[in-house]
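Structure, as structure tokens:
The values are calculated or read from the model by the stated rules, or taken from the named source; none is laboratory data. Here the structure is a predicted model, which means the values were calculated and not measured. Neighbour counts run over all protein chains shown; Cβ positions are idealised from the backbone, glycine included.
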Amino acid sequence: MRVEHDGVYAVVASQGGLPTHPAWYFNLAANPRVELRDRDRVGTYVAREATGEERRLWWARAAAAFPPYDEYQQKAGRTIPIFVLEPSDSA
């Protein structure tokens, strides 16, 4: 699911609303440097988990892009994590 704002991206660890985080959540938490491809744009990004107001803002953006996220959050029984991916200074 593509969630982008001003060149910054977010990924949502929803796992379809299951009660556990997807495996990639733990991989990203352990190694936050990622390569992201968006159409013809490819770049290196650093991920960090959003919290508080930042998470609420990105959640609203994600749910606008993919409305089922709100349903997933209701059934998950956990706070669904969101990672913000910001461009890395070095490739």
Pull up the stretch 1-15, narrow it to residues that are without any contact (Cβ under 8 Å) to a residue 60 or more places away in the chain and charged (D, E, K, R), then point me to the one that is nearest to residue 78 (Cα to Cα).
4
Under 8 Å by Cβ, and 6 or more places apart or on different chains, what pairs join a residue from the stretch 49-63 that is assigned to a loop (DSSP other than H, G, I, E, B) with one that is buried (at least 17 other Cβ atoms within 10 Å of the Cβ) and aromatic (Phe, Trp, Tyr)?
50/58; 50/83
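Out of 56, 48, I need the residue that is basic (Lys, Arg) and either at pLDDT below 95 or within 11 Å of the chain's Cα centre (by Cα) (or both). Which one? Steps first, please.
On the way: 56 fails: either at pLDDT below 95 or within 11 Å of the chain's Cα centre (by Cα) (or both).
From the options 56, 48, the qualifying one is 48.
Can you tell me which residue in the stretch 1-15 is surrounded by the most Cβ atoms within 10 Å (Cβ to Cβ), limited to those that are in a strand (DSSP E or B) and not β-branched (Val, Ile, Thr)? Give the steps one after another, and end with the answer.
Start the filter on the stretch 1-15 by keeping residues that are in a strand (DSSP E or B), which leaves 3-5, 8-12.
Filter once more, so that each one left must be not β-branched (Val, Ile, Thr): 4-5, 9-10.
Working: 4: 14, 5: 11, 9: 20, 10: 23.
Checking each candidate, the answer is 10.
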Pairs where the first residue, in the stretch 16-39, is crowded, with 16+ Cβ neighbours inside 10 Å and the second is assigned to a helix (DSSP H, G or I) and of a type in the set (D, E, K, R), C-beta under 7 Å, 6+ apart
17/71; 17/75
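Being surrounded by 18 or more Cβ atoms within 10 Å (Cβ to Cβ), aromatic (Phe, Trp, Tyr), touching an Asp or Glu at 6+ places or on another chain (Cβ under 8 Å) and outside any loop (DSSP other than H, G, I, E, B) is true for just one of 45, 69. Which residue is that? Give the derivation first.
Working: 69 fails: touching an Asp or Glu at 6+ places or on another chain (Cβ under 8 Å).
Just one listed residue meets the conditions, 45.
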